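Below is one structure, written out as structure tokens; comments come after it.
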Amino acid sequence: MGMKRNRHIYHVYILTNRHHTVLYIGMTGKGLFRIKEHIDKVNPGFIKKYNVNKLIYMERFTEVTDAIAREKQLKKWSRKKKEWLIGKDNPEWENLFLKYTKSN
């Protein structure tokens, strides 16, 4: 029998600002920790400049190459197509970070 390999999980996500005027697409292997860094404005740049702080979409992958490919694909999409994708699973554009970090 072969050894079982622990699978790493990768996420592709979309963040927005309060008025939904900006969409930021990212990919991480750090899960919600990376999202929290964005929300807390840990690093200067686009996120901080446009006050992007709301997680509205997230996909999960077990292969980093698949996550990178999906991130690149989404970045090429039109705004309308991105809105359609978000609306499919999150029609109210709720902040999913709050949902995923809610204490039970």
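Annotations
- Restricting region 10-50 to residues that are within 21 Å of T62 (Cβ to Cβ) and surrounded by fewer than 14 Cβ atoms within 10 Å (Cβ to Cβ), the residue that is modelled with the highest pLDDT: G29
- Extreme residue, farthest from L32 (Cα to Cα), among residues of region 70-100 that are surrounded by 12 or more Cβ atoms within 10 Å (Cβ to Cβ) and out of contact with any strand residue (DSSP E or B) (no Cβ under 6 Å at 6 or more places or on another chain): W77
- Residue list for region 38-65, restricted to those being assigned to a helix (DSSP H, G or I) and under 25 Å from E83 (Cβ atoms): H38, I39, F46, I47, K48, K49
The values are calculated or read from the model by the stated rules, or taken from the named source; none is laboratory data. Computed from a predicted structure; not experimentally measured. Neighbour counts are summed over all protein chains in view; Cβ atoms, including those assigned to glycine, are modelled from backbone coordinates with ideal geometry.
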